[in-house]
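K.L.:
Before anything else, here's the structure in question.
Computed from the coordinates by the stated procedures, all read-outs in this text should not be read as laboratory data. These numbers were taken from a predicted model, which means no experiment stands behind them. Because the Cβ atoms are built from the backbone with ideal geometry, glycine has one as well, and the counts that use them run over all protein chains shown.
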Amino acid sequence: MSFLELNGVCKRFGDHVAVEDINLSVTKGEFISLLGPSGCGKTTTLQMIAGFVDPSAGAICLNGRDLGSVKPSKRGLGIVFQSYALFPHMTAAENIAFGLEMRGVPRAERELRVRDALVMVGLDGYADRHPRRMSGGQQQRVALARALVIKPDVLLLDEPLSNLDAKLREDMQIELRQIQRSIGTTTVLVTHDQTEAMALSDRIVVMSKGRIEQIGTPHETYEKPASAFVSQFLGKTNEFPGEVDRHAASPRLVAGSCHWPAPAGVTGPVTVTVRPEKVGFGGETHNGLKARITNRIFQGNHWLFQCETECGPAIVVRQNTGEAQPTEGENVRLVWRAEDMGVRPRGAGR
Amino acid sequence: MSRNGSLALIFHTVFVIFMVAPIVVVCLVAFTPEGYLSLPTNGFSLRWFRTIADYPEFINAFWVSLWIGAVSSVIALLFAVPAALAIARHQFRGREALSALFLSPLMIPHVVLGIAFLRFFTQTGLSGTFVALLISHVIVVFPFALRLTLAAATGMDRSVEMAAVSLGANSWTLFRRVTLPLILPGVVSGWALAFIQSFDEVTMTVFLAAPGIETLPVRMFLYIQDNIDPLVTSVSASVIVITMLALILLDRFYGLERVLAGHSDRGR
């Protein structure tokens, strides 16, 4: 049951392909993120849903209705922009009431709904403030209230939190998620911040160079990245060159001085990937990569180790559990469970 | 604010004196009791202010100037606002050419414009009419109206308009409720500058003015060709006072800084 559907959507600006063949279906009430570096086509995709950019090919359907011929003003979508885009000459209440006015909602009901919206975003008492006399976070809330008060079919968020400082951004993430959960509006978020996408979304659409790299839950995309791009973009990852040797007595995967049973499906030179937090330190007898710790950085709740292994540089993250940790210059073995390891043919992906 | 050094202070003082001195001299001469241009040494007299009343053509010319200035700058803005919005936000064939055309009156000496308009209006039979004067002034002040409106339109955050559209605003509502209020400071500044430009214009207008539709500068210009007496100084002093009053009122009710600098910050 898809609510918002993008079928083969493309956008070309002259020779430049901004978005290529996007297929995506969003179910009602879902929170979905378009995640990617700048220039990956995520904002263009959002603008096509909003109607400010016409797709070069493909169709966008909302609730079974083709949006192709529907003007942006008639789509009934709520949008929150990166710059908030509040009307600077109107008060918070007037800003929020604007969409209701356009819909011809009678004054009494309008005032009631504006008040409810202000309460929802925690800004009761700020009705008569002008945006320039509000902080970034407050402006953000007004923008959110303005978009939600019209009860939009879909809420579009274009990097809404990127202008806030780190602490406020975390608070707003939680709040945004709560508000979205409580009213159940289908939401599409555009962001380049992977932690934001993971914290908020039901599903993440990872985009690169105008294409979708992977669609999945935050957990899936992190743990089972579909491509090298996804694994590098979502968090940090260690990569080592390896080799799958199927000529040995029992087929095995070799990287440096350690080996594992060969995984199915690949053979020849491979790249082994493993997340820094999945790596542990083992003794000399363990099946692990030989490594020397070049840097040990304390980061409060965790330790960050930079290591030089026999297969190139690596980073290791250990929780600060109070246990003794290896020191700089110490020789260790980096160990991890076989199931935490990703293996792909070398040169593939990127 | 950085503190000025003594050298800078002296320079600024000299500069201000240099700028203000002619105005002060004119205002002083206006109070002379003598029949010729002189600083009042034997006491002040309002004689030359009373004389203005004997020359109704000066008062008439003042009203003509006011009208021409007000109407031509408003008409110029009626064209400048759409033009500025189109130029600021759309890429279209001939955009640069159009922009250059709109600003071209700045590049042509007003004497040349005056002769060209005289010839044109004579051919079309409009010569010596209020309409002719108005058209010529609209064209001359247009670049000023356009420049400031354009600056405001270019600096505007487009996503504000997108937000309004997404909330259901149609084009007219969008313009009336969002776009115009946002560029209003630029529009008002453009209007003020255009008005001043029109009110001040003499080189071109002198070719187009006819008895009964002379602007004040033209009337004064013609007067000093034949007479050398302090009447023009008293007229000038009156205009200065009226201008100052207007500026004070403007400052009270709208804020002078916003008019002159086109600030978008609406201090309410």
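K.L.:
Where does each of B:161-173, A:90-102 land if you order them by average Cβ count within 10 Å, highest first?
P.N.:
Taking the mean over residues of other Cβ atoms within 10 Å, the ranking is A:90-102, B:161-173.
K.L.:
May I pose another question? If the cut-off is a Cα-Cα distance under 23 Å, which lysines reach A:Lys42, setting aside same-chain residues fewer than 8 apart in sequence?
P.N.:
Partners within reach: A:Lys11, A:Lys28, A:Lys71, A:Lys74, A:Lys209, A:Lys224, A:Lys236.
K.L.:
Under the rule of at least 5 residues apart or a separate chain, name every residue whose amide H is placed under 5 Å from the amide H of A:Met134.
P.N.:
Placed amide hydrogens put nothing under 5 Å from A:Met134.
K.L.:
Arranged from highest to lowest average of other beta-carbon atoms within 10 Å per residue, in what order do the peptides A:78-86, A:26-34 appear?
P.N.:
A:78-86, A:26-34
K.L.:
Find the centroid of the Cα atoms in region B:1-31 and in region B:168-225, then give the distance between the two in whole Å.
P.N.:
29 Å
K.L.:
Averaged across B:153-166, how many Cβ atoms of other chains sit within 10 Å of each residue's Cβ atom?
P.N.:
Across the residues of B:153-166, the mean count of other-chain Cβ atoms within 10 Å is 6.
K.L.:
Between rounded, prolate and oblate, where does region A:139-283 land on the alpha carbon gyration tensor, with a ≥ b ≥ c its root eigenvalues, rounded for a/c under 1.5, else prolate if a/b exceeds b/c?
P.N.:
Judged from the Cα gyration tensor, region A:139-283 comes out prolate (a/c at least 1.5, a/b above b/c).
K.L.:
While we're here: I'd like the chymotrypsin sites (Phe, Trp or Tyr not before Pro) in region B:66-114 restricted to DSSP loop residues with at most 12 other Cβ atoms within 10 Å, sorted by number.
P.N.:
Answer by residue number: B:Phe92.
K.L.:
Separate question: How many angstrom lie between the C-alpha centres of region B:42-86 and region A:159-232?
P.N.:
Going from one Cα centre to the other spans 62 Å.
K.L.:
Across peptide A:88-98, how many C-beta atoms of other chains are within 10 Å of each residue C-beta, on average?
P.N.:
3
K.L.:
Would you tell me the mean number of C-beta atoms belonging to other protein chains that fall within 10 Å of each C-beta in B:177-189, as a whole number?
P.N.:
If you average over the peptide's residues, the count of other-chain Cβ atoms is 2.
K.L.:
Give me the dipole magnitude in Debye, nearest 20, for the protein assembly as shown about the Cα centre, with unit charges on the beta carbon: positive for Lys and Arg, negative for Asp and Glu.
P.N.:
780 debye
K.L.:
Moving on. Using the charge dipole of region B:135-260 (Lys, Arg: +1 at Cβ; Asp, Glu: -1 at Cβ; taken about the Cα centre), state which of B:Trp172, B:Val202, B:Ser234 has its Cα farthest towards the positive end.
P.N.:
Farthest towards the positive pole: B:Trp172.
K.L.:
So, one more: Going by average Cβ density within 10 Å per residue, which order do the peptides A:109-117, A:262-270, B:193-201 take, highest to lowest?
P.N.:
Most protected by this proxy first, the peptides run B:193-201, A:109-117, A:262-270.
K.L.:
Let me ask something else. Would you work out which of A:Gly282, B:Met107, B:Val29 lies farthest towards the positive end of the dipole of the protein assembly as shown? Charges go on Cβ: Lys and Arg +1, Asp and Glu -1.
P.N.:
A:Gly282
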